[in-house]
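In what follows, a structure is listed as structure tokens, so that the remarks can point back to it.
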Amino acid sequence: MPELILDGRPLRVANGTTVAAALALGGDGSSRTSVSGQRRAPVCGMGVCQECRVTIDGQRRLACQTLCRDGMRVESQP
């Protein structure tokens, strides 16, 4: 079971869990904050809408298409 760091807090998830699912399990389900200040969450679950963008290990990635791995650092805050 991988343990990642989600917005500064450790979170252990089952093998095969996507980062989008980890956001729902370990937080408010939001992936980012829009320019108007609203929290946004994944919509399509297949990478088309781009609403699930988060920073993973310093790079912007799609949470719905990224599997969690041990030691991964995920930041959904600006």
Could you tell me which numbered condition Gly16 fails, if it satisfies all but one of (1) in a loop (DSSP other than H, G, I, E, B); (2) open to solvent by 70 Å² or more (accessible area, probe 1.4 Å)? (2)
Residues within the range 52-78 that are more than 10 Å from the chain's Cα centre (by Cα) and open to solvent by less than 30 Å² (accessible area, probe 1.4 Å), tallied: 1
Quick one: Ser36 ticks every box in (1) open to solvent by 70 Å² or more (accessible area, probe 1.4 Å); (2) in contact (Cβ under 8 Å) with a residue 12 or more places away in the chain; (3) hydroxyl-bearing (Ser, Thr, Tyr) except a single one, so which number is it? (2)
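This table checks each residue for (1) in a strand (DSSP E or B); (2) in contact (Cβ under 8 Å) with a residue 24 or more places away in the chain; (3) β-branched (Val, Ile, Thr).
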site	(1), (2), (3)
Leu4	yes, yes, no
Ala20	no, yes, no
Gly29	no, no, no
Cys44	no, no, no
Gly71	no, yes, no
Confirm whether Thr33 is in contact with a strand residue (DSSP E or B) (Cβ under 7 Å, 6 or more places away or on another chain), under 16 Å from Ile5 (Cβ atoms) and of a type outside the set (Phe, Trp, Tyr). no
Val35 meets each of (1) in a loop (DSSP other than H, G, I, E, B); (2) under 17 Å from Val13 (Cβ atoms) with one exception, condition (2)
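The values are calculated or read from the model by the stated rules, or taken from the named source; none is laboratory data. Quick caveat, the model's predicted, so the values are computed rather than measured. Heads up, the Cβs are rebuilt from the backbone with ideal geometry, glycines too, and the neighbour counts pull from every protein chain shown. Side chains are part of the model used for accessible areas, which takes the heavy atoms of the whole protein and leaves out ligands, DNA and RNA. Shrake-Rupley method; radii C 1.70, N 1.55, O 1.52, S 1.80 Å.
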